[in-house]
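First the structure, in the form of structure tokens, and then the observations on it.
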Amino acid sequence: MIWAVVLAAGASSRYGVSPPKQVELLPAVLERLRAATAVDRILVVVGAHPVETDAATVFCPEWERGPGASLRCGLAALPADAEAALVVLADGPELDPRAVDRVVASWREDGGDVVAAAYGGLRLHPVLLARAAWPLVPDEGARALQARLVACDDLTPPGDVDVRR
């Protein structure tokens with residue numbers, strides 16, 4: 001089982017809170033995850049702001065500690081049969097389902113504890129964490145973990161929306 005873990009717990013301080021970016025951007029991210037064929041289930045990690053979604057959710061009481069704390073909450077909520085977690089951000093609305101499928105396929109073929117999409121050599125999302133990497137996630141998040149990169153140069157990066165347009 002491959003679970004997508006969507007990080008949607010932040011304060012949305014730069015974007016604003018009327019409504020917070022999670023409320024506006026999460027539906028597009030979920031739609032793109034559902035278009036991918038390699039993800040079996042989706043879990044959304046919430047914290048600072050409630051979100052309405054038909055996806056499974058988990059509340060992270062330590063969301064203020066950073067993305068790593070939110071990610072650890074999500075990982076802890078996954079069932080024992082979860083082989084890996086595919087991490088995406090709720091504020092990355094341009095996520096390409098082909099990047100999701102490509103990263104998972106690369107992990108299945110070549111292994112690795114941390115496998116990430118790269119666009120023009122720049123590591124971005126999605127990032128796959130095999131179960132062996134879960135205990136290694138620090139407060140600053142999975143970015144601190146060494147990853148094997150999967151070229152997604154032909155795809156649009158997922159984006160990272162911090163300010164309202």
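The values are calculated or read from the model by the stated rules, or taken from the named source; none is laboratory data. Please read these numbers as outputs of a predicted model, since none were measured by experiment. Because the Cβ atoms are built from the backbone with ideal geometry, glycine has one as well, and the counts that use them run over all protein chains shown. All accessible areas refer to the heavy atoms of the entire protein, side chains included, with ligands and DNA or RNA removed. Shrake-Rupley method; radii C 1.70, N 1.55, O 1.52, S 1.80 Å.
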Residue count for region 68-107, restricted to those that are hydroxyl-bearing (Ser, Thr, Tyr) and farther than 19 Å from Ala56 by Cα: 1
State all residues of region 59-72 that are modelled with pLDDT of 90 or more, open to solvent by 30 Å² or more (accessible area, probe 1.4 Å) and of a type outside the set (Phe, Trp, Tyr); if no residue qualifies, say none. Pro61, Arg72
If I go through region 59-84 residue by residue, how many of them are within 20 Å of Ala130 (Cα to Cα) and in contact with a Gly (Cβ under 7 Å, 6 or more places away or on another chain)? 4
Within region 92-107, which residues are in contact (Cβ under 8 Å) with a residue 40 or more places away in the chain and over 14 Å from the mean Cα position of the chain (by Cα)? Arg98, Arg102, Ala105, Ser106
The lone condition Gly92 fails out of (1) surrounded by 24 or more Cβ atoms within 10 Å (Cβ to Cβ); (2) modelled with pLDDT under 95 is (1)
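Filtering region 148-161 down to residues that are assigned to a loop (DSSP other than H, G, I, E, B) and over 15 Å from the mean Cα position of the chain (by Cα), which residue is surrounded by the most Cβ atoms within 10 Å (Cβ to Cβ)?
The extreme case among them is Cys152.
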Answer yes if at least one residue in region 63-73 is over 20 Å from Val114 (Cβ atoms) and of a type in the set (S, T, N, Q), and no otherwise. no
Give region 86-108 a look and list any residue that's of a type in the set (Lys, Arg) and part of a strand (DSSP E or B), or say none. none
Taking the criterion of being assigned to a loop (DSSP other than H, G, I, E, B), out of contact with any strand residue (DSSP E or B) (no Cβ under 8 Å at 6 or more places or on another chain), modelled with pLDDT under 80 and within 18 Å of Pro158 (Cα to Cα), would at least one residue in region 34-55 satisfy it? no
Anything in region 109-142 that is without any contact (Cβ under 8 Å) to a residue 40 or more places away in the chain and assigned to a helix (DSSP H, G or I)? List them, or say none. Glu109, Asp110, Ala132, Ala133, Pro135, Leu136
Hey, can you tell me all the residues within region 122-147 that are closer than 17 Å to Leu95 by Cα and of a type outside the set (Val, Ile, Thr)? Leu122, Arg123, Leu124, His125, Pro126, Leu128
On the given criteria, is Ala118 of a type in the set (Gly, Ala, Ser), at pLDDT below 95 and open to solvent by less than 20 Å² (accessible area, probe 1.4 Å)? no
